[in-house]
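Participant: Submitted below is the structure of interest, expressed as structure tokens.
The values are calculated or read from the model by the stated rules, or taken from the named source; none is laboratory data. Keep in mind it's a predicted model, so treat the numbers as computed, not measured. For neighbour counting, all protein chains shown are included, and Cβ atoms are generated from backbone atoms with ideal geometry for every residue, glycine included.
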Amino acid sequence: MSRLTTDMRDEDSRPYFLWDEPLTIRQLREILRSGDEQERLTYMAKILREARYEDVWKFLSVDDLVRYWEQLAPRLGRRRAFWEFLLRKWRELGLVR
């Protein structure tokens, strides 16, 4: 099994936020790019729940967050309020729709 890392450029290591899964950063990127929708949503939610804010954007875009919000929100647990706050503020400022 590959080692855990906080260096998101190390494609052959596992990202620290997937400590419980044997996926490398490369494999995660591939799933996010071309996996089926449910698999993509599962990993998008896990990133939003477990990754540091600055690392989220190394895998997801703001457009991803906005586009899939309704499906992601119920999967975010304690982090849901954080992302709801950000989306609400971004909308108030006209940064996203």
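Participant: Residue under question is LYS58, and the condition is that it be assigned to a helix (DSSP H, G or I) and exposed (fewer than 15 other Cβ atoms within 10 Å of the Cβ); does it hold? Before you say what the answer is, go through the steps one by one.
Facilitator: Numbers: assigned to a helix (DSSP H, G or I): no; exposed (fewer than 15 other Cβ atoms within 10 Å of the Cβ): yes.
Against the criterion (assigned to a helix (DSSP H, G or I) and exposed (fewer than 15 other Cβ atoms within 10 Å of the Cβ)), LYS58 does not qualify.
Participant: For segment 27-44, how many residues are part of a helix (DSSP H, G or I) and small (Gly, Ala, Ser)?
Facilitator: As a first pass, look at segment 27-44 and keep what is part of a helix (DSSP H, G or I): 27-34, 37-44.
Then keep just the ones that are small (Gly, Ala, Ser); that gives 34.
Number of matching residues: 1.
Participant: Moving on to the next point. Does LEU87 satisfy being farther than 27 Å from ARG9 by Cβ and modelled with pLDDT of 95 or more? Let's see the steps before the verdict.
Facilitator: Working: farther than 27 Å from ARG9 by Cβ: yes; modelled with pLDDT of 95 or more: yes.
When the stated conditions are applied, LEU87 passes them.
Participant: If you don't mind, there's one more thing I want to ask. Is one or more of the residues making up segment 11-19 buried (at least 16 other Cβ atoms within 10 Å of the Cβ), in a strand (DSSP E or B) and either modelled with pLDDT of 95 or more or touching a Gly at 6+ places or on another chain (Cβ under 6 Å) (or both)?
Facilitator: First pass over segment 11-19, keeping only residues buried (at least 16 other Cβ atoms within 10 Å of the Cβ): 13-15, 17-18.
Now narrow it down to the ones that are in a strand (DSSP E or B): 14-15.
Now narrow it down to the ones that are either modelled with pLDDT of 95 or more or touching a Gly at 6+ places or on another chain (Cβ under 6 Å) (or both): 14-15.
Yes, segment 11-19 contains at least one residue that is buried (at least 16 other Cβ atoms within 10 Å of the Cβ), in a strand (DSSP E or B) and either modelled with pLDDT of 95 or more or touching a Gly at 6+ places or on another chain (Cβ under 6 Å) (or both).
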